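Asks: Okay, handing you the structure first.
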């Protein structure tokens, strides 16, 4: 006998069983790779109960770090836990000098660690239980409804009161108007003084049947670098903010987690849940040399195929702006454009 949705009850049990084993697999990966991490400076004893934590993996990001740390400190992050993957530009020393940053280092393969996921899953298992955790790259900056007047703690308190464990955000690629090298980025500078533009449309959304998350593609990278094969464009869906428990795991950057319920950051009935965006400051003057370097290292997804496309398609004179580009103003503009939603949070 078939039931609603075309599935027998035992099929749901089989799927749940598989997901449990998959979660154990990712936890085992993190356990095996824990020895790849060496402590540089451990300040985790300073973590207060209920503190909001931020996690990231970095490599040669010294010039970006001052603004990144300042941005999230002002937002309400109390402690940063960061893995340095073999930097040689002063990143590790700079981070170890910060009073609210714990640093681990490794020269192991970024690709073989599932692009840093194994390392962060291990650190989060040790230090993040029952904390709201923000997991972002150094060029990702969270924007959420009312962020101009309400700190991150106000959002997490509301999420707690609403029994919501995870908060979804679309990655919004930002870029300058004119050649990338025309406006060199300076240490400590707000990157969005330069990369002030974004694509407001041309996004494709579909549901991932395995993990239940929305899969989003499009924007300037699909338009400029993957115009002939938009389905190969990078994923823009993220779940960066989670009320963590030690049994949770990220399985694909911050695109998806287990258990699967954490990926349901949208209203399946057609309504709107509160969501944010991650402003992505990738396309600065720094990017041309970085794209060439990462294409050679082959340490990113699919042997850095994405970076090879960038390296072949971008140079110092590249201009990503087009006549449909939108200049960023604030979160309310993003709400009008349908890229962010305040949902029931008023």
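Asks: Which residue is farthest from residue 233 (Cα to Cα), if the candidates are limited to segment 302-346 and must be modelled with pLDDT of 85 or more and part of a helix (DSSP H, G or I)?
Replies: That would be 332.
Asks: Looking only at segment 270-292, which residues are touching a strand residue (DSSP E or B) at 6+ places or on another chain (Cβ under 6 Å) and closer than 15 Å to residue 186 by Cα?
Replies: Scanning segment 270-292 gives a single hit, 283.
Asks: I'd like to know if segment 156-174 contains one or more residues that are buried (at least 21 other Cβ atoms within 10 Å of the Cβ) and farther than 22 Å from residue 266 by Cα.
Replies: yes
Asks: Residue check: is residue 87 crowded, with 21+ Cβ neighbours inside 10 Å, modelled with pLDDT of 95 or more and not in a helix (DSSP H, G or I)?
Replies: No, not satisfied.
Asks: When you scan segment 127-150, how many residues do you find that are without any contact (Cβ under 8 Å) to a residue 24 or more places away in the chain and either in a helix (DSSP H, G or I) or in contact with a helix residue (DSSP H, G or I) (Cβ under 8 Å, 6 or more places away or on another chain) (or both)?
Replies: 0
Asks: Step by step: first the residues of segment 197-209, then only those that are more than 19 Å from the chain's Cα centre (by Cα) and assigned to a loop (DSSP other than H, G, I, E, B), then the one that is farthest from residue 278 (Cα to Cα). Which residue is that?
Replies: 209
Asks: In addition: Return yes when residue 128 is modelled with pLDDT under 95 and within 19 Å of the chain's Cα centre (by Cα) and no when it is not. Write out each step before concluding.
Replies: On the way: modelled with pLDDT under 95: no; within 19 Å of the chain's Cα centre (by Cα): yes.
No, not satisfied.
Asks: Please specify each residue of segment 91-126 satisfying the condition of being part of a helix (DSSP H, G or I), over 24 Å from residue 190 (Cα atoms) and out of contact with any helix residue (DSSP H, G or I) (no Cβ under 7 Å at 6 or more places or on another chain).
Replies: Scanning segment 91-126 gives 117, 120, 123, 124, 126.
Asks: Still on this structure, please answer the following. With the structure loaded, tell me whether residue 88 is in contact (Cβ under 8 Å) with a residue 12 or more places away in the chain and touching a helix residue (DSSP H, G or I) at 6+ places or on another chain (Cβ under 8 Å) or whether it fails that test.
Replies: Here the answer is no, as residue 88 does not meet what is asked.
Asks: Another one. Restricting attention to segment 197-229, which residues are surrounded by fewer than 20 Cβ atoms within 10 Å (Cβ to Cβ), over 30 Å from residue 16 (Cα atoms) and in contact with a strand residue (DSSP E or B) (Cβ under 6 Å, 6 or more places away or on another chain)?
Replies: Correct list: 200, 202, 203.
Asks: When you check residue 153 against the structure, is it modelled with pLDDT of 95 or more and assigned to a loop (DSSP other than H, G, I, E, B), yes or no?
Replies: no
The values are calculated or read from the model by the stated rules, or taken from the named source; none is laboratory data. From a predicted model like this one, the values you see are computed outputs, not experimental measurements. Cβ coordinates were reconstructed from backbone atoms using ideal geometry, including for glycine residues, and neighbour counts include every protein chain displayed.
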